[in-house]
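Okay, structure first, notes after.
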Amino acid sequence: MPDLAGRGVLITGGGSGAGADLARGFADAGARVVIAGRRQGPLDAVAAATGAAAITADVTDEASVAAMFDAAGPVQIVIANAGAADSAPFARTTLEQWNAMLAVNLTGVFLTLREGLRRLDGWGRLISVASTAGLKGYAYVAPYVAAKHGVVGLTRSLAQEIARGPVTANALCPGFLDTEMTDRSVDNIMRTTGRDREAALKALTATNPQRRLIAPAEVTAAALWLCGPGSEGINGQAIAIAGGEV
């Protein structure tokens, strides 16, 4: 684990799932952690457990993102983790669903990383939490997949712009995570197909050659590696954490 004492890290979507684990991991590494999200209750719970500062913010709103950074104070590590998932057959996907998926999963990353880059002064790490959905297609989640592909492209493009300085930009692309979001996906499969929970979960883990969900701690370990010594040459990468799925 790198020694991140003196580093400030801002993690969006920090109230649950991978964001909460990232907060714990970076706090354990000595960083000053700030978590942000839309729900105060979960943020407060993670803050109490990790010593992080909690900020309510909406990453889809430009002014809210600027205010989030104002409240966070100086940070050198920005992790754009906030996201949401929805599913529907393509022909029945509404424009509202499409816009909602792009707003939080892509526009939110753009606004977070753009403001983060503007605030950096010297060394920095810009990390987006994408998905294997940014590297391949999945049925019934076309807007989510399109947004995550956009995150990977955005990250690669940003990395080219900043390559001559001490800042890197990379995307982490986990497969199905053992988090609340996947629990909701399992519930949706059960509701729409009539399968029991074991069969619904098996349908998700079948995409991973290791036949398992990815632990949030595996995402945290990758993020910490990107912030430690020896990671300077890792830039513009979409790092799959998926047991060989992609």
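Quick notes on this one:
- Segment 14-133 - charge dipole about Cα centre, Lys and Arg +1 at Cβ, Asp and Glu -1, debye rounded to 20: 180
- Local net charge near Arg114, Cβ-Cβ under 13 Å (Lys/Arg +1, Asp/Glu -1): -1
- If only the Cβ of Lys and Arg carry +1 and only the Cβ of Asp and Glu carry -1, the dipole of segment 156-243 around its Cα centre is close to 240 debye.
- Computed helical MRE - 222 nm, the chain, DSSP H runs ≥ 4 contributing -39500 (n - 2.57), nearest 500: -14000 deg cm²/dmol
- Each Lys and Arg adds +1 at its Cβ and each Asp and Glu adds -1 at its Cβ; summed about the Cα centre, the chain shows a dipole of about 400 debye.
- Along its three principal directions, the equivalent ellipsoid of segment 145-207 from the Cα gyration tensor extends over semi-axes of 36, 11, 8 Å, largest first.
- Within the shell defined by Cβ-Cβ distances under 13 Å, the residues around Gly134 carry a net charge of +2, with Lys and Arg each +1 and Asp and Glu each -1.
- Probe 1.4 Å, accessible area per residue of the chain, Å²: 45
- Mean sequence separation of contacting Cα pairs (under 8 Å, at least six apart), scaled by the length of the chain, corresponds to a relative contact order of 20 percent.
- Segment 74-185, relative contact order [Cα under 8 Å, separation at least 6], %: 32
- Alpha-carbon spread of segment 106-246, three principal axes, descending order, Å: 53, 28, 22
- For the pair Ala100 and Val246 in one chain, pulling the backbone fully straight at 0.36 nm per residue adds 49.9 nm over the alpha carbon distance.
- Ranked from largest, the principal axis spans of the Cα set of segment 1-97 equal 50, 28, 24 Å.
- Local net charge near Arg195, Cβ-Cβ under 14 Å (Lys/Arg +1, Asp/Glu -1): 0
- Put the Cα centre of segment 67-100 next to the Cα centre of segment 149-175 and the gap is 17 Å.
- Convex hull of Cα atoms in the chain, direction-averaged projection (nm²): 12.7
- Residues of segment 165-186 with amide N under 16 Å of a point placed 7 Å along Cα→Cβ from Ile234: 167-175
- Most simply put, the chain has about 0% antiparallel DSSP beta bridges, counting only bridges with both residues inside it.
The values are calculated or read from the model by the stated rules, or taken from the named source; none is laboratory data. None of these values were measured; they are calculated from a predicted model. Cβ coordinates were reconstructed from backbone atoms using ideal geometry, including for glycine residues, and neighbour counts include every protein chain displayed. Accessible surface is based on the protein model in full, side chains and every heavy atom, while ligands, DNA and RNA are left aside. Shrake-Rupley method; radii C 1.70, N 1.55, O 1.52, S 1.80 Å.
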